[in-house]
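The next block holds one structure in the form of structure tokens; read it before the comments.
The values are calculated or read from the model by the stated rules, or taken from the named source; none is laboratory data. Bear in mind that the values here come from a model prediction, so they are computed numbers and not experimental data. Neighbour counts are summed over all protein chains in view; Cβ atoms, including those assigned to glycine, are modelled from backbone coordinates with ideal geometry. SASA here: full protein model, heavy atoms, side chains in, ligands and nucleic acids out. Shrake-Rupley method; radii C 1.70, N 1.55, O 1.52, S 1.80 Å.
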Amino acid sequence: MGGAFNADFTLVIFAVVGLSYRRRQHDAKFLIALLVCHLGLAYVATNGFEQYVRQLAPLYAIVVGSFAGEGFQRLSQNPLADRRQLAAWSLILLVPLTQTMWPPLTHIAERRPLHFQPPALVEWLQQNIACEEAVILGPHYHYIWMSDYNYGSIKIDRYLLTIPQYAEMSAEEIFRMVEPAYVIMDPNFPSRSVLLGDSDDYLLANGYLPIEERTVNDEPVRVYGNERVIAQQCLE
């Protein structure tokens, strides 16, 4: 992932520099569009995020494609030079393409299942959850199989603290406001929760007890439940 990101970022930098150097009318339009889009994202963003610029991927692809087609040339090239440049760029683009395609090709070559199996504790929750109204907090990955339930991110305090109406609240106040009936603590997916971190100390001190545990990748994965909250939410 990191290598592919670095390669893509390098291509974008070269493309922006190339378009700035060429200074043609459509190059200026691309650069203005990039600038306006970034300013727009900066205006609506509430916090920094690693996927911040994902929405601009199509525009970046056009910019890189334009640079790949014409490079630093301000005038059109002869057909032979165009073919040589196309061949050179094809070799360069093999780097991120190989990094992107290698994991799925390896997965298929090893005849692994096309559909991921749900985590063990997800299956357990689906079979043992007291009611569909019960609030569950856990890793984002588990939501793929829990979309029919009242499931939320275990990082919810981190997200809400960036919203002005919750900014004055503490992480503990947000947790009490959400009041989950179940909490999935999975070391394979670090929580990054402001309040919980990767420890169960807060849960144990506030009436949550481990009610199911499995070992995944030599790590203990636990579901914590609060009987009082479970009873309250399921009666409602």
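Here are the numbers for this structure:
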{"item": "Filtered residue count, the stretch 101-148, keeping only those that are open to solvent by 40 Å² or more (accessible area, probe 1.4 Å) and under 27 Å from Q232 (Cβ atoms)", "result": "13"}
{"item": "Complete set of residues in the stretch 203-236 that are out of contact with any helix residue (DSSP H, G or I) (no Cβ under 8 Å at 6 or more places or on another chain) and assigned to a loop (DSSP other than H, G, I, E, B)", "result": "N206, Y208, N217, D218, N226, E236"}
{"item": "Within the stretch 183-207, considering residues that are hydroxyl-bearing (S, T, Y) and within 23 Å of the chain's Cα centre (by Cα), the one surrounded by the fewest Cβ atoms within 10 Å (Cβ to Cβ)", "result": "S199"}
{"item": "Residue that is of a type in the set (F, W, Y) and within 20 Å of L121 (Cβ to Cβ), where the choices are F175, F189", "result": "F189"}
